[in-house]
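Asks: Would you mind keeping the following structure in view while I ask a few things?
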Amino acid sequence: MPSSGSFPATRMRRVRATSWRRRLVRETVLTADDLIQPLFVVEGSGVRQDVASLPGVARLSIDNAVTFAKEAQALGIPALALFPVIDSALKNDQGSEAVNPKNLLCRAVAAIKKAVPDVGIICDVALDPYTVHGHDGLFIDDDVANDATVEVLVKQALVLAEAGCDIVAPSDMMDGRIGAIRRALEDKKFVNTMILSYAVKYASAFYGPFRDAVGSKGALGAKGKHTYQMDAANTGEALREAALDVAEGADIVMVKPGMPYLDVIAAVKAHVNVPVFAYQVSGEYAMLSLAAANGAFDRDAAFRESLLAFKRAGASAILTYAAMDIARTLTGKV
Ligand code: PBG
């Protein structure tokens, strides 16, 4: 008999031979608990506008968003990430609508929390939906000004917390904003408002359809967001970003985009002691959806496989535009 560890004492296929064996040895599972559904909100009532570059995704007015949130809850989705589509008449250089306590996003948060209190609400903290130039902060002397932007972001985080937002998610990549927001939240007694930091956010081509959806393409020039979002080449810098944000008071850190950065998710997970979330961004969603629509593969199976890969890499939860679709297939035990 050959020693154990070699063929035929070891036949790797034994544990794969039937469904029940595979289920017993499975190392990673994907459930609805792992999925966060992003949602684009627009002004009006009864509005549902398809987003051309994101097949199956629509911008919803607040009334329809409330119905959508109820569906999410029924499917067991723990949280929604809300993004506002701001009328161009309300945009300016300063993004001042972001700090208006009666803005579209604040009204949407309040309406959803009232109707569906048990679904968590996550809101971006960044100025890009509100600025004419499409940058995440105040654009001064040909660049986004860090410290002046942080002051506005603090105010934005406070109006969102006041409206009932459970998790503020700074997605702007300014230095020092997590500490500043945490101090302000504590000062105003928002002690249970969580901070999900987009700590490791790369300057990425994969955000294209999102900028379409919220109308934030603006006048971003060739420089794009490279002076504040990370260079795709770097991992060590990702670990420094994540560690700094944890030290400043982030409850959760996020890596974004997702599929091209699974190595970064695994590295960040090993480096910090807080939950790590990941964002399967708009371009990734478009890629999978359009390939499936062209007959390349089964859409749901491809999404499930990609989302399982995030879990395997160490993500605790994943933002994905396919969250509710996939939750449907998981509850159906396909
Ligand atoms: C804005 C923001 C972006 C995304 C989430 N928040 C775009 C950007 O930074 O330009 C991208 C999400 C996606 O592509 O799905 N700060």
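The values are calculated or read from the model by the stated rules, or taken from the named source; none is laboratory data. All of these numbers come straight from a predicted model, not from anything done at the bench. Quick reminder, even Gly has a Cβ in these numbers, built from the backbone with ideal geometry, and neighbours come from all protein chains shown. Calculation scope for accessible area: heavy atoms of the full protein, side chains included, ligands and nucleic acids excluded. Shrake-Rupley method; radii C 1.70, N 1.55, O 1.52, S 1.80 Å.
Asks: In the list 292, 313, which residue meets the criterion of being more than 23 Å from residue 39 (Cα to Cα) and hydrophobic (A, V, I, L, M, F, W, C)?
Replies: Being more than 23 Å from residue 39 (Cα to Cα) and hydrophobic (A, V, I, L, M, F, W, C) holds for just one of 292, 313, which is 313.
Asks: In this structure, does residue 39 turn out to be open to solvent by less than 100 Å² (accessible area, probe 1.4 Å), closer than 30 Å to residue 89 by Cα, out of contact with any Lys or Arg (no Cβ under 8 Å at 6 or more places or on another chain) and hydrophobic (A, V, I, L, M, F, W, C)?
Replies: Judged against the criteria, residue 39 is a match.
Asks: OK, next. Just to check your reading of the model, which residue among 61, 53, 19 is surrounded by fewer than 21 Cβ atoms within 10 Å (Cβ to Cβ), of a type in the set (Gly, Ala, Ser), farther than 19 Å from residue 278 by Cα and in contact with a Pro (Cβ under 8 Å, 6 or more places away or on another chain)?
Replies: 53
Asks: What's the total number of residues in the range 142-153 that are open to solvent by 30 Å² or more (accessible area, probe 1.4 Å) and either of a type in the set (D, E, K, R) or within 20 Å of the chain's Cα centre (by Cα) (or both)?
Replies: Result for the range 142-153: 4.
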